[in-house]
1. So how many residues does segment 76-107 have that are at pLDDT below 85 and within 38 Å of the chain's Cα centre (by Cα)?
2. Just one of the numbered conditions (1) small (Gly, Ala, Ser); (2) surrounded by 10 or more Cβ atoms within 10 Å (Cβ to Cβ); (3) modelled with pLDDT under 90 is not true of Ala44; which one?
3. Evaluate the following for Ala50: is it of a type in the set (Gly, Ala, Ser) and modelled with pLDDT of 95 or more?
Amino acid sequence: MSIRFFSLDADASSASNFLMQHTSHFALALLFALTLLFALLLFALTLLIALTLLMALTLLIALTLLFALTSLFVLTLLSTLNIYPLSFVQSPNYSGMRSATAFFSGR
């Protein structure tokens with residue numbers, strides 16, 4: 001009894017027939033179950049990576065907005081108190097740009 005190997009131009013049906021003739025039904029069911037399990041694990045891993053990237057992007061946007069709004073609030077509060085800590089902020093009661101040295105020395 002010789003085992004016939006399929007040729008290079010074999011189609012899917014002949015490959016399926018070869019498997020059905022030379023493989024037990026239990027082995028085929030096991031192969032199908034393992035293939036399905038692998039596909040599900042690959043899908044779950046892809047979903048996990050996508051959700052992780054989405055959470056990281058959301059956190060980055062949230063922290064950027066928090067920093068921007070906090071900075072805006074602090075600068076608004078300081079300007080209300082007539083305090084101009086940044087050298088590029090022009091004081092309304094000071095001619096020209098106020099330097100950080102002039103601010104910290106009290107001039």
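The values are calculated or read from the model by the stated rules, or taken from the named source; none is laboratory data. Computed from a predicted structure; not experimentally measured. When we count neighbours, we look across all protein chains shown, and the Cβ atoms used for this are built from the backbone with ideal geometry, even at glycine.
1. Counting residues in segment 76-107 that are at pLDDT below 85 and within 38 Å of the chain's Cα centre (by Cα) gives 6.
2. That leaves (3) as the condition not met.
3. Working: of a type in the set (Gly, Ala, Ser): yes; modelled with pLDDT of 95 or more: yes.
Criteria met by Ala50.
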